[in-house]
1. For the chain, with the dipole built from +1 on Lys and Arg beta-carbon atoms and -1 on Asp and Glu ones, taken about the Cα centre, which of Ala245, Tyr94, Phe58 lies farthest toward the positive end?
2. Calculate the FRET efficiency for Gln85 and Glu12 from the Cβ-Cβ distance with a Förster distance of 22 Å, rounded to the nearest 0.05.
3. With n ≥ 4 as the cut-off for DSSP H runs, can you work out [θ] at 222 nm for the chain, using -39500 (n - 2.57) per run divided by the number of residues, rounded to the nearest 500?
4. Given R₀ = 35 Å, what would the calculated FRET efficiency be for Phe320 paired with His42, taking r from the Cβ atoms and rounding to 0.05?
5. Can you run the Rg to Rh ratio on the chain? Use alpha carbon positions and the Kirkwood inverse-distance Rh.
6. Per residue of segment 318-335, what does 6.51 cos²θ - 1.76 cosθ + 1.60 with θ = phi - 60° give for ³J(HN,Hα)? Whole Hz please, x for Gly and Pro, Karplus curve as stated.
7. Dipole magnitude of segment 219-311 about its Cα centre, charges +1 at Lys/Arg Cβ and -1 at Asp/Glu Cβ only, in debye to the nearest 20?
8. Quote the relative contact order of the chain in percent (integer), defining contacts as alpha-carbon pairs under 8 Å separated by 6+ residues.
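Read-outs throughout are calculated quantities, based only on the coordinates presented, and are distinct from any laboratory measurement. Computed from a predicted structure; not experimentally measured. In this analysis, Cβ positions are derived from the backbone assuming ideal geometry, glycine residues included, and neighbour counts consider all displayed protein chains.
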Amino acid sequence: MEELLSNGVSHETLPESYILPLDKRPGLIINKTIPVIDLADHNHANTSIQILQAGKEFGFFQVVNHGIKEEVIREMKNIAKEFFQLPIEDKIVYCSEDLYKFPRLHTSTTRENKLEKKVWRDCLKFVCHPVDLQSNDQFPQKPSGFREIGPIYAKVTRELALKILKLISEGLKLDENFFNGELSDGTSITNINFYPPCPDPSLALGLVSHCDPNLITILLQDDHVSGLQVLHNGDWIAVDPIPNAFVVNVGHILEFVTNGILKSVEHRAVTSSTLSRISLATFINPVSDCVIAPAQQLIDENNAQNFKAFKLKEFLSTYFGQLGDTASTVNAFKI
Ligand code: OGA
Ligand code: NI
């Protein structure tokens, strides 16, 4: 098994297995920002329009005044940080080669991307939906407090995702419950991404460029350390953290069901030489036997159907078979 980066030892040099080819290394970013949307705006229709515009143009936006209490955010971030500070013997029990065992802690391998390079990240994955309140082994036992805040964080981020999906369905004039049920009710996972200080951030990445394969992603960034970058018209833009805001992005499935109106956009994470960074990504998923197809209400004589209907499983095997290569994944389902 690959050794964790968060093994308590600081890293002096960047091993060769992390050094990316020249054209994949982090480079210039342009001075642009993704839209910031105020969810407390009482003009519902206006909020829907802003979300749709952001989803069309950037595939990404940040939300503020979302109603999630600051204490919940603070507590979850603290627990996430404390988890990666635990002594190695407390963390190793969660390490597994089994991709379907949760909670699961792992570091990067050269098998994850087509470049056959590692990325500068450790990751703890846990199931955040459904939450089983009877059994307490869905969340790690340590640090203490994880099993208290975990279910709360899982609940509030899911509610936020469903609220945003409802605004999207309103904006697209779909049934307001369009995304409820099988499109969003599958097993959902939260990734706690930990990017330790990197000996040479110019040569490596924390996550290589990818699109998320799920419906929608709710991401909580570190308060102070920036790292997320989004591709926009061929340029990279940095998503600077806004304390207590969530970053929301369109996953491949949302692109398919909206017939391509909303875009799933490539993004990556860069590292810092001096600071570690934490992010929490919650991925909302359809149920496993779901058939994915563009909403029929969005198709008429002027709007041709752009994607085929397919089984979720078929899509996921293409996505993971292509190792996240977006163009070939999406092309396989285009009409
Ligand atoms: C992800 C992701 C970005 C980040 O986990 O899929 O894109 O900022 N994370 O960590
Ligand atoms: Ni992502």
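1. Farthest towards the positive end: Phe58.
2. 0.65
3. Numbers: 7 runs with 83 residues, N = 335.
Computed ellipticity for the chain at 222 nm equals -7500 deg cm²/dmol.
4. Approximately 0.25, to the nearest 0.05.
5. Result: Rg/Rh = 0.94.
6. 5, 4, 6, x, 8, 6, x, 6, 4, 4, 6, 5, 5, 4, 5, 10, 7, 8
7. Computed charge dipole of segment 219-311: roughly 220 debye.
8. 21 percent
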